[in-house]
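The structure under discussion appears below in the form of structure tokens.
The values are calculated or read from the model by the stated rules, or taken from the named source; none is laboratory data. This one's a predicted model, so the numbers in the text were calculated from it and none came from an experiment. Heads up, the Cβs are rebuilt from the backbone with ideal geometry, glycines too, and the neighbour counts pull from every protein chain shown.
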Amino acid sequence: MALTLAEKILKNHIVDGELVKGTEIGLKIDQTLTQDATGTMAYIEFEAMGIDQVRTERSVAYIDHNTLQSGFENADDHRFIASCAKKHGIYYSRPGNGICHQVHLERFGVPGKTLIGSDSHTPTGGGIGMLAIGAGGLDVAVAMGGGAYYITCPKIVNVELTGKLQPWVAAKDMILTLLKIMSVKGGVGKIIEYTGEGVKTLSVPERATITNMGAELGATTSIFPSDENTLAFLKAQGREEVYTPLAADEGAVYDEYIRINLSELEPMAACPHSPDNVKSIKEIGQMKIDQVCIGSCTNSSLMDMLKVAYILDGKTVHPDVSLAVSPGSKQVLGMMAENGALSKIIAAGARVLESACGPCIGMGQSPNSKGISLRTFNRNFEGRSGTKDGQIYLVSPEVAAASAVAGYLCDPRELGNMPEFVMPETFTVNDNMITLPAPADCAKDVEILRGPNIGEYPRTEPLTDTIAADCSLKVGDNITTDHIMPAGAKILPLRSNIPAISKHCFAVCDEKFPERALSLGRSIIVGGTNYGQGSSREHAALAPLYLGVKAVIVKSFARIHRQNLINAGILPLEFVNEADYETIEQGDSLVIEGLLENIGDGEITVKNTTRGTSFAVKCELSARMKDIILCGGLLEYTRNNLK
């Protein structure tokens, strides 16, 4: 039987279940990654399992999110993660070495291998033919311990690329076009697989931009074939020995087909406040701008920076515009310094930031009040920039750099002829900012270094047959994890301290929610469609767990957040009839009975005792997920089952 590329990798890694769409499968995981905003909890969870050494081929801990050290918290977290890495067999990428996805692509990614990471943009690895999936920290901890990673066997969408990008049109414009076609929930339960003659025209950095933003489709992951372009990239990194040619079988059958002619694309922008609110630059027009930020794990490669430097060369950033540039890794920054690109960017008036996530996660560079900011990032959710009324547009580096000079949103095709930008045959490799773990026979002597901000995993409880609780919050459609558990410079340092960070839970929607939920003791949240889209941050489940949330009833869930709720022992319930959403108000008293018998299959009745009504919900769970919920969460389940 002819298989797609994704199916081949899935088939080679299945350790539980069968390759049947819609059923649960367990995958052997070859590699894991964490970053510091999620890594502290992942390593707290790993330690709680009582396993001495990781059992993956390669696990890497990156420091790239919480690099602003305005207090002791971030520095303590980094020290904790470094000591955990040294003790448990994990490679440690130090602060300043770069953004996890950029560095992993450069130094660790291997075609055909499986990778899960505690960051939703882990699918960046699909740019070199990895099956790379974003997951919650607890799922990553289990995989580090040798456990399988479970997903619903996904549908495979074939995006056939034809033609070739025209001058000054970018890979970013391609993925924005796909977001316009599919929407932020169009990829849920699916893998996006790229095929066609157009694939050969895209470099690995361009492919990585596309797979990175596949997360915004809600997709499980995205993947490109591993071909001659992949080999050239790996050879330039001095890692050609890991290359394997990979492609779909001829005659492979896909569940959906989309065709995009690269030659017909034009510069695009995602308008506030969603990555799928996409219009062409021409449609938006010459809009005055206040800020431009170039970088993030989406567009911070050397290729991106060379294009930016060319556009800025000999020019000056418009006096009304603030331009910030974040190279994606130490390797990129170093090579920019060597080839003169960095001096051109500095001379133009850009503010060069460290190689870290920075503004993308609200860690500095917040725009002015109602400021219009062009960003080469992957998300423009309301308030994510750190400015509540900031107007964030997602664009390519080419659009961003040209607009920074002009002072208004402009089409880079107005720049005239574009030179050919060629990836270097050899990258400058210096891994001195990657610390190797201690030898296994010395690991027992390594001390784990904990600061006062490092807490414990919240207490969980086994499922009871009845949940009687008030609706503590009712929210609408497309609630993101940024709504549930905001990022930013003030809140991110609390990621290892659940009691402290829970005080900010749902602050974007209702500042009184944390206090109200705590006073209730136990409660239920009600939401709309695509609840929990965005980041993989398990804190969006752990904070509600700490605040006493026992169930979440919505029209539909985003994949990672639903799994994080299950991992935390919180019931993920969906309306059988979506119209019943309208019958509930915040403060209503709800009673859910017969849970021990009915979760996992069939309908469950919820009584609204405040209004004297009832409605049906469903909680579709595999046998394994049901056991996790019954135990009170994945941590307790793993303690009982992982040997």
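Every test in (1) touching a helix residue (DSSP H, G or I) at 6+ places or on another chain (Cβ under 6 Å); (2) in a helix (DSSP H, G or I) is passed by Leu176 save one, and that test is (1).
Just so you know, in segment 547-565 the residues that are closer than 23 Å to Arg639 by Cβ and crowded, with 24+ Cβ neighbours inside 10 Å include one that is nearest to the chain's Cα centre (by Cα), and it is Ile560. If the condition is being of a type outside the set (Asp, Glu), within 27 Å of Ser373 (Cα to Cα) and either without any contact (Cβ under 8 Å) to a residue 60 or more places away in the chain or crowded, with 16+ Cβ neighbours inside 10 Å (or both), then segment 409-430 contributes Leu409, Cys410, Pro412, Arg413, Leu415, Gly416, Met418. Consider segment 279-308 and keep the residues that are surrounded by fewer than 24 Cβ atoms within 10 Å (Cβ to Cβ) and among the small types (Gly, Ala, Ser). The one that is nearest to Asn212 (Cα to Cα) is Ser280.
On inspection, Leu68 qualifies as assigned to a loop (DSSP other than H, G, I, E, B), modelled with pLDDT under 95 and of a type outside the set (Ser, Thr, Tyr). Screening the candidates Pro458, Pro462, Pro439 for the property of being assigned to a loop (DSSP other than H, G, I, E, B) and within 29 Å of the chain's Cα centre (by Cα) yields one hit, Pro458.
If the requirement is being assigned to a loop (DSSP other than H, G, I, E, B), assigned by TED's automatic domain parsing to the domain that holds Thr209 and surrounded by 22 or more Cβ atoms within 10 Å (Cβ to Cβ), which of these qualifies: Ile29, Ile51? Explain how you work it out, then say what you get.
Working: Ile51 fails: surrounded by 22 or more Cβ atoms within 10 Å (Cβ to Cβ).
From the options Ile29, Ile51, the qualifying one is Ile29.
Within segment 564-610, being part of a loop (DSSP other than H, G, I, E, B) and in contact (Cβ under 8 Å) with a residue 40 or more places away in the chain holds for Ala568, Gly569, Val576, Ile584, Glu585, Gln586, Gly587, Asp588, Glu593, Gly594, Ile599.
The residues on offer are Val606, Val526, Val576, and the sole one that is farther than 22 Å from Val184 by Cβ, surrounded by 17 or more Cβ atoms within 10 Å (Cβ to Cβ) and hydrophobic (A, V, I, L, M, F, W, C) is Val606. All conditions in (1) surrounded by fewer than 24 Cβ atoms within 10 Å (Cβ to Cβ); (2) over 19 Å from the mean Cα position of the chain (by Cα); (3) within 28 Å of Asn212 (Cα to Cα) hold for Leu571, with the sole exception of (3).
Of the residues Leu27, Leu19, Leu10, Leu68, which is closer than 19 Å to Cys297 by Cβ and of a type outside the set (Phe, Trp, Tyr)? Give the derivation first.
Details: Leu27 fails: closer than 19 Å to Cys297 by Cβ; Leu19 fails: closer than 19 Å to Cys297 by Cβ; Leu10 fails: closer than 19 Å to Cys297 by Cβ.
From the options Leu27, Leu19, Leu10, Leu68, the qualifying one is Leu68.
Out of the helices (runs of 4 or more DSSP H) lying entirely within segment 196-294, which hold 3 or more residues that are in contact (Cβ under 8 Å) with a residue 40 or more places away in the chain, among the β-branched types (Val, Ile, Thr) and under 29 Å from Gln365 (Cβ atoms)?
On the way: elements: 204-212, 228-236, 281-284.
Ranges flagged: 204-212.
Pick from Gly198, Gly238: which is modelled with pLDDT of 95 or more and on the phi > 0 side of the Ramachandran plot?
Details: Gly198 fails: on the phi > 0 side of the Ramachandran plot.
Within the list Gly198, Gly238, the selection yields Gly238.
Of the residues in segment 23-38, not one is in contact with a His (Cβ under 6 Å, 6 or more places away or on another chain), at pLDDT 95 or above and more than 30 Å from Val188 (Cα to Cα). Inside segment 1-18, can you point out the residues that are touching a residue at least 12 places away in the same chain (Cβ under 8 Å), closer than 18 Å to Asn158 by Cα and hydrophobic (A, V, I, L, M, F, W, C)? Across segment 1-18, the qualifying residues are Ala2, Leu3, Leu5, Ala6, Ile9, Leu10.
Of all residues in segment 317-335, those satisfying the criterion of being under 16 Å from Asn97 (Cα atoms) and in a loop (DSSP other than H, G, I, E, B) are Ser326, Pro327, Gly328. One residue alone among Glu264, Glu256 is more than 26 Å from the chain's Cα centre (by Cα), surrounded by fewer than 17 Cβ atoms within 10 Å (Cβ to Cβ) and of a type outside the set (Gly, Ala, Ser), and that residue is Glu264.
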